[in-house]
Amino acid sequence: MAKVRGAIVVDNELCKGCGLCVVACPTNTIAQAKEVNGKGYNYAYMENPEACIGCANCALVCPDSVITVYKVKVS
Amino acid sequence: MADIDIKDIIREENLVYKKTDVLTDNVMHYCPGCSHGVVHKLVAEVIEEMGIQEQTIGVSPVGCSVFAYNYIDIDWSEAAHGRAPAVATAIKRLMPEKFVFTYQGDGDLASIGAAEILHACNRGENIVVIFINNAIYGMTGGQMAPTTLVGMPTATSPYGRQIDLHGYPMKMTEIVATLPGTCFVTRQSVEKAAAVRKTKKAIRKAFENQKAGKGTSFIEVVSTCSSGWKVNPVKANEWMTEHMFPFYPLGDKKDCEKDPAEDYEKYMKG
């Protein structure tokens, strides 16, 4: 059965660490990093990369449009 | 199942979502989690989808979104406080082939600009109005706005808004929906992905209405102001869902064409 795998790329330096993508993610893929970026924000990153399904919900709710989403079907 | 490496997923051919090119690369000055960023993105995406980047003129207000011209790569005009619908009226009448929209907050549209918006909608100007309602004056430090909920504490009403002292909150969308010049009046939100998709559809429809010359399209977006409300962005969304949606119910209030002139001319015939 075909399975969908996704991945996101977050622009760490532009992320403001609001955490809206963490709540929007249906598969608990995203978490906020313990490290901070140049502006002092805990940027978002993929904590469970295997769980990502590429639904783009995180990118839709991101106010700063820093998330790029990729999706591929694997069999 | 063969395992696939993250590097193999992150490839140009697998791209499903990226920042639209209509948005500039400037870093937005908005606070973390501000709804303005999402609505800017939706406007930019609609402009890109319709291919009207060169024909669109935005009118930015006074308020947090005064710098909207830094973020969306189209032609802009800046209006005096509350006067965006008047400026948009002039632009649209002089250049009817252009797509004109105003982008206003609740302090701008519902308070100082109440006359301009009501009369622009009443005249049925062929423009799109995007109204960001976060129930507060965000830029100036969280003062009470006309849309502040009863009992909601703000910088200038620390014990909460009281009806006998401050009056009632205004439902601009319902007021505007009663005017004959408007064709599409809706209230949306951007707190979750499904709501964002709905709001984008509404903005698209508003621009299509303008193309068809149907009248004024008015889109209210119920938004958060985490800095003004003194909560974090996630809590702000929860607060909005819990308190604002019951008073500001989401959905289309009106979806038709503006009233035909014949309906009104008959009264003079006697």
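Read-outs: derived from the displayed coordinates by stated rules, not from any lab. Given the structure is predicted, the values throughout are model-derived calculations rather than measurements. Using ideal geometry, Cβ is built from the backbone for each residue, glycine included, and neighbour counts are taken over all protein chains shown.
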The FRET efficiency for A:Val36 and B:Glu265, from their Cβ-Cβ distance with R0 = 56 Å and rounded to 0.05, is 0.30
Below 18 Å, Cα to Cα, which lysines can B:Lys171 reach? Residues fewer than 8 away in the same chain don't count.
B:Lys253, B:Lys254
Sort the following peptides by mean Cβ neighbour count (other Cβ atoms within 10 Å, averaged over residues), highest first: B:175-183, B:101-109, B:14-22.
B:101-109, B:175-183, B:14-22
Using +1 at the Cβ of each Lys and Arg and -1 at the Cβ of each Asp and Glu in chain A, identify which of A:Val61, A:Cys15, A:Ser75 lies farthest towards the dipole's positive end.
A:Ser75
Pop out the Kirkwood hydrodynamic radius of region B:176-227 from its pairwise C-alpha distances, inverse of mean 1/r, in Å to one decimal.
11.8
Any chance you could get the radius of gyration and Dmax over the Cα atoms of the protein assembly as shown, in Å?
21.2, 81
Estimated FRET transfer efficiency when R0 is 35 angstrom, pair B:Leu94-B:Lys18 (beta carbons, to 0.05):
0.45
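Using +1 on the beta carbon of Lys and Arg, -1 on that of Asp and Glu, and nothing else charged, what's the dipole of the protein assembly as shown about the Cα centre, debye to 20? Before the final figure, lay out each step's value.
Working: 36 positive and 39 negative charges, 108 e Å.
That gives a dipole near 520 debye.
Quote the charge dipole size of region A:3-74 about the Cα centre in Debye, to the nearest 20; the model charges only the Cβ of Lys and Arg (+1) and of Asp and Glu (-1).
On the way: 7 positive and 6 negative charges, 54 e Å.
Charge dipole of region A:3-74: 260 debye, to the nearest 20.
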Inter-site label distance for B:Glu242 and B:Asp255 at 7 Å from Cα along Cβ, in nm:
3.2
Loop-resident sites, region B:161-270, for GluC sites (Glu not before Pro), counting at most 14 other Cβ within 10 Å (DSSP)
B:Glu257
The pairs in B:Lys18/B:Lys192; A:Lys73/B:Lys205; A:Lys3/B:Lys198 lying past 22 Å Cα-Cα in this model are A:Lys73/B:Lys205; A:Lys3/B:Lys198
Hey, if you put +1 on the Cβ of every Lys and Arg and -1 on every Asp and Glu Cβ in region B:63-180, which of B:Tyr168, B:Phe67, B:Ala135 ends up farthest toward the positive end of that dipole?
B:Tyr168
Explain nothing, just the number: relative contact order of chain B, from Cα pairs under 8 Å at least 6 residues apart, as a whole percent.
17
Per DSSP, loop GluC sites (Glu not before Pro) in region B:1-99 with at most 10 further Cβ within 10 Å:
B:Glu97
Spacing of the two label points (7 Å from each Cα toward its C-beta) at A:Lys3 and A:Ile53, in nm
1.3
So, relative contact order of chain A in percent, Cα under 8 Å, 6 or more apart, is 46
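Please state, to two decimals, what the Cα-based radius of gyration of region B:22-269 comes to when divided by 2.2 N^0.38 Å (N = residues). Present the calculation step by step, with values, prior to reporting the outcome.
Details: Rg = 17.4 Å, N = 248, 2.2 N^0.38 = 17.9 Å.
Rg over 2.2 N^0.38 Å, computed on Cα atoms: 0.97.
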Are there any trypsin sites (Lys or Arg not before Pro) in region B:198-270 that are in a DSSP loop and have at most 14 other Cβ atoms within 10 Å? List them by number.
B:Lys230
